[in-house]
Amino acid sequence: MLHWGLLATGVIARKFAATVNAMGQAEQNVLVACAAREQTRAQAFADEFSIPTAYGSYEQLVNDPAVDIVYISSPNNLHAEHIRLCLAHGKHVLCEKPFTFIAKDAAELYALAAEKGLFLMEALWTYHLPLIQKAQQLLAEGAIGQVQHLRADYGFIATGARRVRKFRSELAGGALLDIGIYNLAFARQMLGSHLGNFTGQPKLSEFGTDWFSHITGEYAGGITAAMTACIGLQMPVQGVVYGTEGQLFFPNYQQAQKMVLIKNNGEEEVFEMPFDHTGFEYQVRECARCIAQGLTASPVYPPQTSIAHMDELDRIRAAWGMKFACEA
Ligand SMILES: NC(=O)c1ccc[n+]([C@@H]2O[C@H](COP(=O)([O-])OP(=O)(O)OC[C@H]3O[C@@H](n4cnc5c(N)ncnc54)[C@H](OP(=O)(O)O)[C@@H]3O)[C@@H](O)[C@H]2O)c1
């Protein structure tokens, strides 16, 4: 049985807790504790999700011997600090995306986890989705001929308190780190290489971070990609991979449960792989599988891929001249 502790009780922690509960104990994952910065908030969360222990500080959580692994869902700027806290107390870690906001921190943290013999993974859950893996197989088999171009769009309107959290420079906010990372992950998953040269300037909010960007990038073999990330316009979360003999269309590439293989001759094949629960269960299972095998990193979403994503984010921000207020 893998015993989970939750560090932070915000919006996404709710989805994570609901997922683990829906998976049920038969899957050998159980929530044993949660922590917020205030006891009352932690207790309310624990009551709602039937978690036995609630803590009013993160330090108490990492000192709980009943906790094997901590799921971190604090704001982006605090991930590195919270990962260090968990590792220092001998806890395995699954940390929300973006793993850190500087690639250098990411590399150091993965090295530290390996040194301590603890499992560490970024919760970039789309890497574990069965449909994404099916798409990779189709592309490798040449189902759409030679891949030439990819398009990925992800946009929604952040409102209220959430808008502030998502944009604030002190919290390493902005659309790129919030959702642009999914576009970059989709491109890497489908094209199998690193973002090379790119162009595209962001539109900045009053918080000094990007609320909109459209990037055109080059990948290995001369493949191009056009990616739009935006937290101020409603857009479909669509992805398309274009090849010489057809295209692979994802009506929602992030919640990837359906894709259509469209051949140039008009033939279509629909692939549907509904999630068992919310889609987070695949990354939870991956953590349990790796820890049971004594691994410190996931072969499905390894540190080098996570670090490469952080490196892409660093390079894009450097080209934009967008420095976070929380950066030294
Ligand atoms: N995988 C996904 O699909 C997905 C979706 C959304 C977000 N995320 C990621 O998850 C993380 C959290 O996002 P969220 O939407 O859950 O955010 P949120 O609702 O604002 O929750 C963040 C939590 O962080 C804690 N926190 C600790 N220090 C804080 C500080 N100085 N300021 C504000 N909050 C602080 C708070 O928890 P307590 O008050 O409970 O301590 C708060 O509830 C982000 O890194 C985000 O990128 C992932």
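Looking at Gln247, Gln304, Gln238, Gln234, which is the one that is over 15 Å from the mean Cα position of the chain (by Cα), more than 16 Å from the ligand (Cβ to nearest atom) and surrounded by fewer than 15 Cβ atoms within 10 Å (Cβ to Cβ)?
Gln234
In the set Ala185, Ala229, Ala225, which member is within 14 Å of the ligand (Cβ to nearest atom) and either in contact with a Cys (Cβ under 6 Å, 6 or more places away or on another chain) or in a strand (DSSP E or B) (or both)? Reasoning before the result, please.
Numbers: Ala185 fails: either in contact with a Cys (Cβ under 6 Å, 6 or more places away or on another chain) or in a strand (DSSP E or B) (or both); Ala225 fails: within 14 Å of the ligand (Cβ to nearest atom).
Residue meeting the stated conditions: Ala229.
Among the residues of the stretch 153-166, is there at least one that is within 16 Å of the ligand (Cβ to nearest atom), crowded, with 24+ Cβ neighbours inside 10 Å and assigned to a strand (DSSP E or B)? Give the derivation first.
If we filter the stretch 153-166 for residues that are within 16 Å of the ligand (Cβ to nearest atom), which is where we start, we get 154-166.
Retained after the next criterion (residues that are crowded, with 24+ Cβ neighbours inside 10 Å): 154, 166.
Narrowing the set further to residues that are assigned to a strand (DSSP E or B) leaves 154.
Yes.
Does at least one position in the stretch 101-122 carry a residue that is in contact with a strand residue (DSSP E or B) (Cβ under 6 Å, 6 or more places away or on another chain), closer than 30 Å to Ile262 by Cβ and crowded, with 22+ Cβ neighbours inside 10 Å?
The answer is no; no qualifying residue exists.
Taking Glu312 as the residue in question, decide whether it is in contact with a Lys or Arg (Cβ under 7 Å, 6 or more places away or on another chain), of a type in the set (Asp, Glu) and over 17 Å from Ala18 (Cα atoms). Lay out the reasoning, then the answer.
Numbers: in contact with a Lys or Arg (Cβ under 7 Å, 6 or more places away or on another chain): no; of a type in the set (Asp, Glu): yes; over 17 Å from Ala18 (Cα atoms): yes.
The answer is no for Glu312.
Every number here is computed from the coordinates shown, using simple stated rules; none is lab data. All figures in this text were calculated on a predicted structure; none of them were measured in a lab. Cβ sites come from the backbone with ideal geometry, for glycine too, and all protein chains shown count toward neighbours.
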